[in-house]
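Below is one structure, written out as structure tokens, with a few remarks after it.
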Amino acid sequence: MDGEDAGSVRVDVCLDCKGVWLDAGELERLTATDSAEFRHFTQEKMDELLKAKDIKQEEHRRAIRSLFGGLGRR
């Protein structure tokens, strides 16, 4: 799960399923936000975000393997 700013609202985003989660009141705040305030992601930026996610997952896997003495599945 990653947090992204959509205008003045911090939105929870899943880069795996492309899902978006909003807390109470955030949908109303988003609808009141001028669309010019939203960030637009280029394909290069999306690739960068996905690569960072992959790196983070690999670091997590390594930490778990070292914690359990390398008994994880490969």
Exercise. Counting only the heavy atoms of the protein chains, how much of I64 is accessible to a 1.4 Å probe, in Å² to the nearest 10?
Worked result: 70
Seminar exercise, completed: Per-residue ellipticity at 222 nm attributable to helices in the chain (runs of n ≥ 4 DSSP H, -39500 (n - 2.57) apiece, nearest 500 deg cm²/dmol) works out to -14000 deg cm²/dmol
Exercise. Any idea what angle helix 43-67 forms with the longest principal axis of the chain, computed on alpha-carbon atoms, 0 to 90 degrees, nearest 10?
Worked result: 40
Exercise. What number comes out for the charge environment of L22, summing +1 per Lys or Arg and -1 per Asp or Glu over other residues with Cβ under 11 Å away?
Worked result: -2
For this session: Tell me the chymotrypsin sites (Phe, Trp or Tyr not before Pro) within region 1-68 that lie in a loop according to DSSP and have at most 14 other beta-carbon atoms within 10 Å.
Result: F38, F41, F68
Exercise. Under the definition of Cα pairs under 8 Å and six or more residues apart, what whole-number percent is the relative contact order of the chain?
Worked result: 22
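The values are calculated or read from the model by the stated rules, or taken from the named source; none is laboratory data. Just so we're clear, the structure is a prediction, and the values are computed from it rather than from any experiment. Note: ideal-geometry Cβ built from the backbone for every residue, glycine included; neighbour counts use all protein chains shown. Please note that ligands, DNA and RNA were not included when accessible areas were found on the heavy atoms of the full protein model with its side chains. Shrake-Rupley method; radii C 1.70, N 1.55, O 1.52, S 1.80 Å.
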